[in-house]
1. At 1.4 Å probe size, with every protein chain present, just tell me what the per residue accessible area of the chain comes to in Å².
2. Quick one: length gained pulling GLN456 to ASP700 fully straight, 0.36 nm per residue minus the C-alpha distance?
3. Taking Cα centroids, how far is the stretch 89-135 from the stretch 753-827 in Å?
4. What is the calculated FRET efficiency for ASN959 to LYS841, with r their C-beta to C-beta distance and R₀ = 22 Å, to the nearest 0.05?
5. Which of the listed residues, GLN448, SER517, HIS119, is farthest toward the dipole's positive end in the chain, when Lys, Arg count +1 and Asp, Glu count -1 at the beta-carbon?
6. Give me the net charge for the shell around VAL800: Cβ to Cβ below 14 angstrom, other residues only, Lys and Arg +1, Asp and Glu -1.
7. If I model the chain as equal point scatterers sitting on the Cα atoms and use the Debye formula, what is log10 I(q)/I(0) at q = 0.05, 0.10 Å⁻¹?
8. For ILE791, list long-range residues whose amide hydrogen, built 1.01 Å from N in the peptide plane, is under 5 Å from its own amide hydrogen.
Amino acid sequence: MESDLLPLLAATQSADQNARLSAELSLRQLQGQAGFPVGLSNIAASNDVDQPLRQSALILLKSYVLNNWSAESENHNPTIPIATPTAKEHVRTTLFPLLRSPSSLILRSAAYVIARIAHADYPEQWPTFMDGVMSMMKEGGVGTTGALTVLKEFVDEGLAEDQFFSVAPDLVQTLYGIVSTEHVDNTSKSKAVSIFRSSVDLLEMFKDTHAEPIRVFADGSLPPWLKLFCQAVSLPVVDPSNPEEVNESLVELQIEALRTINKLRLIFPSHLSRHLPTTFPSLFTALNALTPIYVATPHPSISTTAEGESISLDVLATEHLEFLSIALGHRAITASLGSDGIPRIIYLLSTFAIAREEEVEAWEDDAEKFVGDMGGDVSARWTVRIACGQLVAELAEKREEEVITALLNEVRAAFSDREWRRQESTLFLLGHVVMAEDGDDLEPERFQGIDQLLQQCLSAEQMLLQGRALILAGEVASLWTPEQGVRLVGKCLEAMQPDKGVILRYSGLKGLQRLCSILDKDALHSHQTHIIDVASSFVPSKSSDLLSVVLETLTSAIRVDYKACISSDKVIPLLFEVAASCPGDPWLTGIVGDAFEAMAKSAGNYVAVCQRALPPLSQFLNGEEQEGLTSVAVELLNSLTASGLSPLPEGYIATVLPGLAKVMSTTDDLEVLQSGQEVLRNLVQKDPAQIQAFSDGQHDGLSIVMVILSRCLSSSFEDSAVVFAGPLIVAVIRKFAHSLGPVLPELLNAVAVRLSTASQPNCIQSLIGVFAHLSIQQSTTVVDFLKNITIGENTGLEVVLRAWCENFEVFQRYEQIKLNVVALATVFGLQMQELMNIKVKGDLVITQTNRIMTRSARRNHPETWTYIPLPAKIIKLLLHELVSEKNRTGDDDEEEVVSDDEWDEADANTMEGGMSLGQLAAFADEEDDEDIAEEDDLLKHVHLKDFTVDFFKSAVANNVSSFNELCEHFLTAREKELLRQAIV
């Protein structure tokens, strides 16, 4: 086989495209032969073959292993036989020694293939794998490197429970031995720490099923590991005799150690809490020691790892700052800081936040980079400066008075020393604290003298310092009197002139953005035209960060006087130009859409907005402008229509429907299809009469809508294309009920057919919503219709009700859940034998076993369910929904459990982004659909809990649909108790 493979592998590297394609085809044809993986492994292991061909053999073997190693391979092609046991054994035996290869490329490629084979075969078919790796790891030199490389691949890919717990104790002990041995090189130690961290990640997956063994592991293993980490991080990364040379491998080790400590906060918070008081001092000392090295090093970027991860002082500093953030969230640490603790931390952060010379030079040449690095809500880059700003803002949330006082003292001290870089960095940190507090309600007495300092900065020679002053002037805009605010607006406009430098122009823009959003409209009125003119000069940029600042400035200026902007020839075309400059950016499109909505909703302006906006929108929809703007046009049309009058202005439908129909009949873009369905729903709900009256010469408006719906319901599209189809169909049925005639059965049949192939819950919920609405008012008619259509081997009634009941528990949004509860209760009340004959999934069958379920075991033993009559399932669903509703409204009697953890409450109960769990729960229950009231007038007075309780009481009292017998036979003991409590 090798003789056949070698020339083909060589041909795949030929400059002749025809030769390459022919060789690739021949290799695909050879995959079905039993000797294919054996031949590839022999080539990879042969020192007589050139390295590029060995590398190609390993790449091809990797693809073979992923696809055809076993029948359970994710992308297994059944037409290609899987590897035979003999071939597998040969490949494993042949490849394993390559982990000692002197070629790093061969070693890494072989490690990748071996790790994937081990995932499939260990431990059942390859029981010696881990023993072999552990033995090789102790060899030292290249053997250790190879063993660590394959282990990292193996662990990072994720292990089943039996795999993990069979190797974890020896693995962790061996890794510890490598890291704690002095003569082992730092690169190997870094890999060992990374594998340990991946192992800790896996522990999180198994905490619920193996809580006690994991607790014992953490109690015994974490203290010595933490001690090792502290020792590694405390080592100097530069040699005092040669301070310009950074120890690259030690920096990598310290990065890995700090990342692992930071990970422990997430997985073992209580364990880290116990050891933090002894860990913090040494790491804080190391951070202080790093400060002068970081500031003095002109180029902190050093290199990258073999895996492509950056090794640099920047990365090391951000990991240090992440740990400092974690530590300052611990009450014992903050209590131990002493009176000078906060000032010391502020000084440390202001030093790390100092802009280095090479950064300033890069900003002067690159506006996009400057905006990305300057912080605030537009920053797309995570830098050391941004990390410092984030940390000081977090600290201010916990100890606001101390932090602001210390920070203002540091600002004043920096200005006393006349060191402009530290002045800029302290103002940068102050801005982060102010913006974290929203900057809307600042106390003037606390910031006394800040206006003089800013004026001093505005007169400085350094553009960065001038720019920082303009940005901060906007961030503290609530401090200014109207006169001061207007004067600062003038300063920003002056800085934004085209002849100014990049830093000054974009700082002025950012300051102006904030000033416009805070200052009184009357104060800005005289500047409105100038603001729009100057901001518009930034629009040709292709940077979304820059354009988001421009847009927010424009929208703030527009709100000063909507009518003046609408009557202007410049504003609306300018908004289109911004949206068109980055057509793939939903954030920018959303801001433009918000601006349209704001103008449209301002008193008496909607018709004027339409007169300005509809012609360019129509051009975009009809493809008369540059390609790629269709999605932008549909999104903006949706914003304009949703905020419009009802009925819409005369001629609105005639202007937009032809272009929209053209887009919806040709596009395959899922987002465009979704947005287009939303536009159609708004058009139907706001002005059905215009749609009915419209004609393109061949079809009337309703026929056009139906053709679009028919295409959207096609099974050729993914489920996500149909997510908004349900509400549109409901609107069409409601608004055109008397005009649909024979088309309605065809439409409902198409919905049922599409539902039979749908798998995504949000798609299923959307389509089920059609039958839910109809079932409430015409339940008998709907059931009779569905039972008389055939979809595959089932009736339409079976398809719809099975999909409904088996996905109900993952439906979202309160009003939609209420709709489905009422509809299912109505269907239950029909007391039809056809419903009793339909069997649906009941309860998951739990198999009691002591055997750990591996991947292969799960594949061979999929989930099994009981099957019960449909009415019994409806009872279960409504009963569970009643319990959920009681929990949602706080009617349950369970006591709240209060944690006595040592972490600050704000830290423990707040998710990333600053939203508490309580806020998140409340947010999840909010509805963001202005049309709910119109769509569900019949349910607006229905209280879900009261309705469900009344349903159960009536069903029990009247034994509706054999309710009592169904409960006795199909409810669990727990469900029977819940029902008893519900009807008491």
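1. Working: 44020 Å² over 984 residues.
Value for the chain: 45 Å² per residue.
2. Working: separation 244, 0.36 × 244 = 87.84 nm, distance 6.85 nm.
Taking 0.36 nm per residue and subtracting the Cα distance, the gain is 81.0 nm.
3. 51 Å
4. The calculated FRET efficiency here is 0.30.
5. The residue sitting farthest along the positive end of the dipole is HIS119.
6. Charge balance near VAL800 sits at 0.
7. Reported log10 I(q)/I(0), two decimals: -0.43, -1.47.
8. The list, which skips near neighbours in sequence, is GLY796.
The values are calculated or read from the model by the stated rules, or taken from the named source; none is laboratory data. Because the structure is a prediction, the values reported are computed rather than measured. Please note: Cβ atoms are built from the backbone with ideal geometry, for glycine as well, and neighbour counts cover all protein chains shown. The accessibility values were calculated without ligands, DNA or RNA, using every heavy atom of the protein model including side chains. Shrake-Rupley method; radii C 1.70, N 1.55, O 1.52, S 1.80 Å.
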